[in-house]
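Student: My questions all concern the structure below.
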Amino acid sequence: MKRIAVFCGSSKGFHNDYLVEAKKMGEYFSNHEIGLVYGGGKIGLMGVIADTMIDKGAEVIGVIPNLLRHEEVAHTEISQMIITKKMSKRKVKISKLVDGYIALPGGFGTLDEIFEALTLGQLGIENKPIGILNTRKYFDHSLRQLDHMVSEGFLKEENRNMLHVSESVEELLQSMQNYVPPKLSKVINLVPKK
């Protein structure tokens, strides 16, 4: 993987562990020549991972919608800043730039982006590895929801297993490197023939 999109909070959270793991991810990317594509912010966990990589001279690409491009939010020291007109265009641009996706702890935006990546994978639109760095077991409740969706018949086990989860940056990236996308089953046409 040459570039990975990282979705994470514009907040730092209440525990130092979140900062420590964001820095570890930035160091891992830098040491393994993996470029970062992210939301373009200088605040929160976004800023931590970007700053860590900037300090090591690594590639950092921000993709930010114009409505969020404020001086107090947008990072000014990254390799490249791409500005889009809409959030939806931002997602498409990120998708074109990366070979995989990772979520660190964050809020609604983080969940929105990682679940959209999973949906694209489920539909076979993309075949990129998708991971969650589960610092402080932050995503445990979301993961239990996915297991519940499987047990209730709304999510296939093979699609649930597309998601790589680890509390270790190194273990997560190694797992993602070995990703093999699930084979798509044939879609049944439910529209009656005329």
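Nothing in this text is a laboratory measurement; each read-out follows from the coordinates by a stated rule. In this text the structure is predicted, and so the values were computed from the model without any measurement. Note that each Cβ is placed from the backbone with ideal geometry, even for glycine, and that neighbours are counted across all protein chains shown.
Student: Please work out the FRET efficiency for the pair Thr119 and Asn31, using the Cβ-Cβ distance as r and a Förster radius of 30 Å; give the result to the nearest 0.05.
Tutor: For R0 = 30 Å, the calculated efficiency reads 0.45.
Student: Under 1.5 on a/c is rounded, so check that first for the range 28-99, then, if it is not, pick prolate when a/b is larger than b/c and oblate when it is not; a ≥ b ≥ c are the square roots of the alpha carbon gyration tensor eigenvalues.
Tutor: Verdict is oblate for the range 28-99.
Student: Give, in nm to one decimal, the length gained when the segment between Arg3 and Phe108 is fully stretched (0.36 nm per residue of separation minus the Cα-Cα distance).
Tutor: Between Arg3 and Phe108, full extension yields 35.5 nm more.
Student: Can you tell me the order of 116-122, 172-178 when each peptide is scored by its average per-residue count of other Cβ atoms within 10 angstrom, highest first?
Tutor: Descending mean neighbour count gives 116-122, 172-178.
Student: How large is the dipole of the range 3-176 about the Cα centre if only Lys and Arg carry +1 and Asp and Glu carry -1, each at its Cβ, rounded to the nearest 20 debye?
Tutor: For this selection, approximately 640 debye.
Student: Could I ask something else about it? Decide, for the range 128-175, between rounded, prolate and oblate: order the square roots of the alpha carbon gyration tensor eigenvalues as a ≥ b ≥ c, take rounded if a/c falls under 1.5, and otherwise choose prolate if a/b is larger than b/c, else oblate.
Tutor: Oblate, since a/c reaches 1.5 and b/c is not below a/b.
Student: Under 17 Å Cα to Cα from Lys86, which aspartates and glutamates show up? Leave out anything in the same chain fewer than 8 places away.
Tutor: Here the aspartates and glutamates satisfying the reach criterion relative to Lys86 are Asp112, Glu113, Glu116.
Student: Now a separate question. How would you rank 4-17, 84-97, highest first, on the average number of other Cβ atoms within 10 Å across their residues?
Tutor: So the order, starting with the most tightly packed, is 4-17, 84-97.
Student: Here's something else I'd like to know. With each pseudo-label sitting 7 Å past Cα toward Cβ, what's the Met149-Lys96 distance in nm, one decimal?
Tutor: 2.8
Student: Further, regarding this structure: Shape call for the range 67-109 from the C-alpha gyration tensor, a ≥ b ≥ c root eigenvalues: rounded (a/c under 1.5), prolate (a/b greater than b/c) or oblate?
Tutor: rounded
Student: If R0 is 41 Å, what FRET efficiency do you get for Phe14 and Leu184 from their C-beta distance, rounded to 0.05?
Tutor: Rounded to the nearest 0.05, the efficiency is 0.50.
Student: Add -39500 (n - 2.57) for each DSSP H run of 4 or more in the chain, then divide by its residues: what number comes out at 222 nm, to the nearest 500 deg cm²/dmol?
Tutor: Here the helix-only value at 222 nm equals -12500 deg cm²/dmol.
Student: Quick one: check the C-alpha center-to-center distance for the range 106-146 versus the range 34-99, whole angstrom.
Tutor: 19
Student: Which entries of Lys85/Lys156; Lys24/Lys93; Lys56/Lys183; Lys24/Lys91; Lys23/Lys96 show an alpha-carbon separation above 31 angstrom in the structure shown?
Tutor: Cα-Cα > 31 Å for Lys85/Lys156; Lys56/Lys183; rest within.
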